[in-house]
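The values are calculated or read from the model by the stated rules, or taken from the named source; none is laboratory data. The structure displayed is predicted, hence computed values, not measured ones. Cβ sites come from the backbone with ideal geometry, for glycine too, and all protein chains shown count toward neighbours.
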Amino acid sequence: MAEQDDEITRLLHLWQAGDNSAESALFELLLPQLRRMAKRQFYGERAGHTLQPTALVNEAFLRLSRSKHIDWQDRSHFFAIAGRVMRRYLIDYARRRTDVDVIPLDSIPEGLLAGRSRSELVFQMDALLDKLEKENPQWCKVVELKFFLGLTDEEAAQVVEVPLHTLQRRWYRARRWLYEQLEAKPNSQATAR
């Protein structure tokens with residue numbers, strides 16, 4: 001695993017320097033993991049959904065490839081940014097559609113759904129994540145990795161490079177913060193930006 005991480009870091013630096021062959025090699029190397037992440041977004045969704053995991057991966061990578069200003073650090077940094085890009089794409093997709101159900105809400109307590117449509121809750125979560133990013137970027141990153149990329153605790157801990165118990169503590173605290181915010185203002189968050 002360490003060899004692959006080193007290779008990803010090497011390719012990221014070459015890609016940042018403008019090496020197009022590094023971009024292709026990076027995409028091929030990361031494609032299986034990105035597909036697994038995207039498939040988690042669609043687990044349990046209806047068949048024939050208009051947005052498919054492959055389209056999500058392709059769009060995310062396309063958006064990342066246009067971001068030439070990113071100072072890529074390593075594999076962890078790449079997946080943290082990829083999580084943010086997927087989140088933004090899914091939110092943009094949800095805004096364009098009224099029948100959106102692609103963003104996972106199965107980990108949200110049922111009581112928080114009362115009086116809200118699924119799309120309202122998704123937009124409120126997005127606005128809250130913007131606020132959380134300003135207050136506690138570490139918690140925000142964990143939420144993006146767990147909620148929007150569907151990473152396991154072990155995978156997320158590896159991406160943010162912290163011990164498993166630290167990741168789990170951040171995930172617990174971030175969820176508690178989000179739930180408290182949602183309970184305090186059930187429908188007062190802006191649904192469009």
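Select from segment 84-93 the residues that are buried (at least 20 other Cβ atoms within 10 Å of the Cβ) and farther than 14 Å from Asp130 by Cα and write down the one among them that is modelled with the lowest pLDDT.
Per the stated criteria, the residue is Leu90.
Inside segment 94-193, counting only helices (runs of 4 or more DSSP H) that do not spill past its ends, which hold 3 or more residues that are modelled with pLDDT of 80 or more and farther than 22 Å from Arg40 by Cα?
Filter on segment 94-193 gives 118-135, 164-184.
Of the residues Lys39, Lys68, which is exposed (fewer than 13 other Cβ atoms within 10 Å of the Cβ), at pLDDT below 85, within 29 Å of Asp130 (Cβ to Cβ) and not small (Gly, Ala, Ser)?
When all the criteria are applied, what remains is Lys68.
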